[in-house]
Structure formats: C-alpha cells, structure tokens
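The values are calculated or read from the model by the stated rules, or taken from the named source; none is laboratory data. Everything numeric in this text was worked out from a predicted model, so none of it was measured. A quick note on method: Cβ atoms are made from the backbone with ideal geometry, for glycine too, and the neighbour counts reach across all protein chains shown.
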Amino acid sequence: EKRESSNFIEAEINKDIENNVYEGGRVLTRFPPEPNGYLHIGHVKSIFLNFGLGKKYHGATNVRFDDTNPVKEDEEYVNSILNDIRWLGFQWKEPVHYASDYFPELYEFACKLIRMGLAYVDDQSSEEIHNTRGDLEHPGTESPWRNRFVEENLKLFQEMRDGKYKDGEKCLRAKIDMASPNMVMRDPVLYRILRATHHRTGDTWYIYPLYDFAHPLSDALENITHSICTLEFEERRPLYNWCLQAYDGKEKPRQIEFARLNVTTMITSKRKLRKMVEAKLVNGWDDPRMPTISGIRRRGYTPESLKKFCDLIGVAKADSVVDISLLEYCIREDLKAKVPRIMTVIDPVKVVLTNYDENKIEYVDIENNPEDPSMGSRKVPFGRNLYIEAEDFMETPIKKFFRMSPGKEVRLKGAYIVKCTDVVKNDDGSIKEIHCTVDFDTRSGTPGADRKVKGTLHWVCADTAVDVETRLYDYLISPDDHDDGRDFMEKVNTHSLTVMKSKAEPEISKYHVGDRFQFLRKGYFIIDQDTTEDHMVCNRIVGLRDTWSK
Ligand code: ATP
Ligand code: MG
Ligand code: MG
C-alpha cells in the first residue's frame, strides 16, 4: 500500500514502515497530557495530530496522563481532559494509562541503572546541582558523590523510597557526562524526594520520577512506536534515547518533534490559564472567552471547525504564530450553510409604524438560510410596534449612512419599505421611539417590492418578541499584543464581556441549549448553558465580518 505523506511526520513514519522498523508496520501514538489544568487550543493540534496518525495508519492512540508531579495534579483535570478528547471525536485505545501506573517499574528500572553504573544518589541540594552544571562555555563540576559504589547507591535509593530522608535531601542522578555540550546530558536528575499526596497513588511514594525519566519508559512500556512532542523537547531527545538504550527495548519508540501552536489573542499555557481562573479575571476554565477546549466549546465552536483549522495550519518544524482570524474563518465556513438564520435585535430601539393597524399582526415569509434553500422558510410576525438596532438609526446621518434616518426610506427585511417621519425623545434627550410610515405597496414577494431602497434592516415585532440576554465577547489579549515587558496578567482585557438585553423573533423559543444560528447581520450565536426556562442566554461565537484573506 503506497501512502502519501501530508507532512514531515508522516514522511518519517512511512520510512519506518518501509524499513519494517515496527513489526507488521504497526503504528501506536500517544497523547500525554499532564492533568494540571484544562486543555487549550495548543492541545487541540496535538490531539488531531496524534489521533489523526493513529487513524491514518490503522493504528491506535493511547491517552496517558503524565502525572509525575503530584503537587499540581487533580482528578478534576483528568475528567475534563477525557471529555475534551471525546468531544473532538476521538476514542483512545483502552484502558486510559497513567505514568503513575508505572511507578513500580520505574523504580525497578532506576535500580537497574544503578547496578549498571549509570545512576547514583547525590547528596547535593537542587541549588548546588544547578550551580555546578556549568554553562555552554564551561563544563560542569562532578558531584563529590558521583563515584559511590553500586551497593551504597542501591541502599541509599531504597532508603529514599522508604522515607528515611527529608524532601530534597538526596536525589538520584544519571551518570552521563558533566562536560556534555548538551546541558540536558550533564547528569540529569531522575528521581526526587517529595512528600505529597498523589491523586492516584496517595501517600505510597516518597520519591517521584522526573518527566525525562518517566516519559521514555512509559512510551516503551506501552509499545508506543512514535512519540510526537513539541519542539522544546528536541534537545532532550538524546536523554530520551539514552534511557531507552539502557532499558534495551527491542522496538524502540521514536521521538519526533513538531512546532507548538501559538494563536494571537490566546494564551497557551495551562499554568497561566490557571492563574487567570484563580484571580477571577474570567468566570472559570470554561468561560467562553478562554482558549481552553471547554471555553471554545461553550463559546460555540464545533469540532469540525477545529479540524479544518488544524488542517489549514498544517504541521511545521518551526514555531510561528497563527492569526486568530483564521480560526474565526473556520467557524464561519462551518456554520454558514449548516445553521438557520433568525432575526434578533441586539441593542433594541422602538419603532412605531403610525399608519399600521394597532390590532393587526401579519406574518411574513423569510427564508431560513439563503445558502441552502432546502432549509425552507418560516413565518415571522410583523406589526405596528417593532424593534430595530439602535445603531441602525442616525438622527443626523453621516455620509454614506444608508440605514434609517429622518425622511429616508429603508426596507425591513422580508416585509415593507418604511419611511422615518419623526423621532420622539425622553426627557434626558435619549430616543424613546422612532415613528415611521409603511408603504403598503412594497411588501416582499409582491410586484411593488421591486422598488429599490439602499438599506435593508433586520427587525423584531415588539408584541411577540422574546427577551434574550446576548453576551458579546472581545479578545482577552489584544491581537496586536507584543512583548512590552508587562506580565500577561496585566494585559488581560477585563472589559471583554458585554451583556445586552436583546429582542428575538419568537422562532428562537424552538431552540435548546447548544443550538446555533446566525442572528441576521449580527453574527453566529449559540444558546448558553446558563439558559433557564424563562431566561434565554446566547453567546456570540463570532461576528460576520471576515478579516482573514487567503
Ligand atoms: P502547558 O504548558 O499548557 O501545560 P504542556 O506542553 O506542558 O503545556 P501537556 O499537558 O504536557 O502540556 O501537553 C500534552 C501534549 O500536548 C504534549 O505532547 C504537548 O507537547 C502538547 N502540546 C501542549 N501545548 C501545545 C501547543 N501549544 N501546540 C502543540 N502541542 C501542544
Ligand atoms: Mg508537559
Ligand atoms: Mg506544562
């Protein structure tokens, strides 16, 4: 079977298959999140990549929680992460794995390294170890404890495990090369002493393995073939391979690095996102402004739009920043033919049609989606009292303002041409209501409708309107943000949520939490989970204007 490769990782896998590196050409990838927060847009890319490879090669993908750091990890995060993966449309190979499942094997393997003369217990503090690493110009200094005998190392390591020493009093280090040009290889720490309750193993362990040690072994124990990770791990690959060499697995997993995804306006670090949640700069991890998968989902994005986004950005070997407008383009593209359009006035101002019968309500026919005639049409009530958008009226119009202003005519979508005759003010000078007259000869669908006017406005019949709370969002971080030395917490836009009291046509009552539609001229919206029986809440997913050009 000849396989096309659509990126450099697939090209590498194809080579491995040709050379029969893995028996039967099998492919097994893994997605290894640390359960220390909610997944974000960067993880979306990693998920589509890893699970995509599993699918493409008729292989599979493991989920493994990289839970070697008990202090920051929690079951809440495990559940949200699994939920996010499922929502994106993927199924991992059962069971779900945890690096902590391998603590006994990792311990045994560490003992093996000691016996091989490849690891030693160091009594130096982490500060001393840090200060004796040297730098790129200078070799590091060997620890005075580097040449302990195997028997002593084994005894001390066992005592570390049994809780005989205080946190940080000793550690286990690999014995590699304190003069290596790769700083990672200067006797890296493999195990540290830490008294912390682990979310799965409780208080069983006083020592915890470090990522660089746990990861290659976990990959090997699961028979992973291709261990895909982000670019910052490239310099750690020699250590990854060093561990596997010592472990002596037959078919070694192979680490391949790709560029992290960065998106303008989005923070892609769980640690930073957690700080924002804890400081209450946002309303939780699933705030619709958050770049978390749960935030993006609640905002109204679809898995299909995220897939399209990942396909368009591709898989690169060099870091770059993708413009947020590309993601917005993807959701518009996905929704434009899929979801119905309805009329909602976000910021209503009242209009009275003075020559229209007070007791009359008529129904006008409006198509549900001009992109897809098969979606049909609906009857929309129309009467003497209406709402239009406040911004669609200007008492003293500026040049090229073709919406409503005194003396001018506009068409009300699907209904009549009306002419503004009067503006009634409140005591404070604000507009109380706008008076118009209807030209009854211009009803849409009749011959008189041919008469052209420049503007067409959406509207809602006041007597049948449904109250809707609409939530409009701005970016948390400015799209033109640059590094100006300020901490990210100072840059977060705390005025990024605007809540509006809006009026929708009664059609909206048919829909439920999670349903999406286009509010004519105002963007795509989704009904939010805060909706109750008598209070509807809609999130704006994205506006209509497309700023991304190919
Ligand atoms: P964070 O700093 O947000 O915690 P991380 O890399 O430490 O990110 P992990 O939970 O360890 O997060 O990540 C799981 C997987 O997702 C890893 O394979 C990691 O490389 C990948 N990943 C994380 N962030 C990105 C990103 N921005 N772009 C692509 N892949 C990412
Ligand atoms: Mg990580
Ligand atoms: Mg991290």
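A few remarks follow.
- Filter pass, Thr61 being away from ligand 2 (no atom under 16 Å from the Cβ) and buried (at least 19 other Cβ atoms within 10 Å of the Cβ): yes
- Residues that are within 16 Å of ligand 3 (Cβ to nearest atom) and more than 21 Å from Pro303 (Cα to Cα), drawn from the stretch 8-56: Glu34, Pro35, Asn36
- Restricting the stretch 141-191 to residues that are without any contact (Cβ under 8 Å) to a residue 40 or more places away in the chain and among the basic types (Lys, Arg), the residue that is nearest to Lys72 (Cα to Cα): Lys166
- Filter pass, Arg254 being within 20 Å of Glu12 (Cα to Cα), within 15 Å of ligand 1 (Cβ to nearest atom) and touching a residue at least 24 places away in the same chain (Cβ under 8 Å): yes
- Scanning the stretch 66-89 for residues that are at pLDDT below 95 and part of a helix (DSSP H, G or I) gives Pro70, Val71, Lys72, Glu75, Glu76.
- Taking the stretch 369-409 as the range and being over 23 Å from Arg451 (Cα atoms), crowded, with 19+ Cβ neighbours inside 10 Å and not charged (D, E, K, R) as the test, only Tyr387 passes.
- Among strands (runs of 3 or more DSSP E) entirely within the stretch 376-480, having at least 2 residues that are basic (Lys, Arg) and without any contact (Cβ under 8 Å) to a residue 60 or more places away in the chain singles out 417-425.
- Scan the stretch 383-422 for residues that are more than 12 Å from His458 (Cβ to Cβ), of a type in the set (Lys, Arg) and in contact with a helix residue (DSSP H, G or I) (Cβ under 9 Å, 6 or more places away or on another chain) and the total you get is 1.
- You will find that of Leu306, Leu312, Leu335, Leu326, the residue that is out of contact with any Phe, Trp or Tyr (no Cβ under 8 Å at 6 or more places or on another chain) and among the aliphatic types (A, V, I, L, M) is Leu312 and no other.
- Residue match in the stretch 25-37 (condition: modelled with pLDDT under 95, more than 10 Å from ligand 1 (Cβ to nearest atom), assigned by TED's automatic domain parsing to the domain that holds Phe213 and within 15 Å of Ser227 (Cα to Cα)): yes
- Any hit, the stretch 316-337, residues being more than 21 Å from the chain's Cα centre (by Cα) and closer than 15 Å to Gly523 by Cα: yes
- Looking across Tyr102, Tyr107, Tyr120, one residue alone is among the hydroxyl-bearing types (Ser, Thr, Tyr), more than 16 Å from ligand 1 (Cβ to nearest atom), within 23 Å of Asp167 (Cβ to Cβ) and not in a helix (DSSP H, G or I). It is Tyr120.
- Taken together, the residues in the stretch 181-205 that are surrounded by fewer than 16 Cβ atoms within 10 Å (Cβ to Cβ) and within 18 Å of Tyr240 (Cβ to Cβ) amount to 3.
- Selection status of Val466, closer than 30 Å to Ile527 by Cβ, surrounded by 13 or more Cβ atoms within 10 Å (Cβ to Cβ) and not polar (S, T, N, Q): yes
- Top-ranked residue of the stretch 263-275 - restricted to ones that are within 15 Å of ligand 3 (Cβ to nearest atom) and touching a helix residue (DSSP H, G or I) at 6+ places or on another chain (Cβ under 8 Å), ranked as nearest to Leu231 (Cα to Cα): Thr268
- Residues (aliphatic (A, V, I, L, M) and within 15 Å of ligand 2 (Cβ to nearest atom)) located in the stretch 208-230: Leu210, Ala214, Ile228
- If you go through the stretch 482-510 and keep only what is surrounded by 13 or more Cβ atoms within 10 Å (Cβ to Cβ) and part of a loop (DSSP other than H, G, I, E, B), you end up with Val492, Asn493, Ser496, Glu505.
- Taking every residue in the stretch 321-346 that is at negative phi and pairing it with any residue that is surrounded by fewer than 23 Cβ atoms within 10 Å (Cβ to Cβ) and of a type in the set (Gly, Ala, Ser), at least 6 positions away or on another chain, the pairs with Cβ-Cβ distances below 6 Å are Cys330/Ser305; Ile331/Ser305; Asp334/Ser305.
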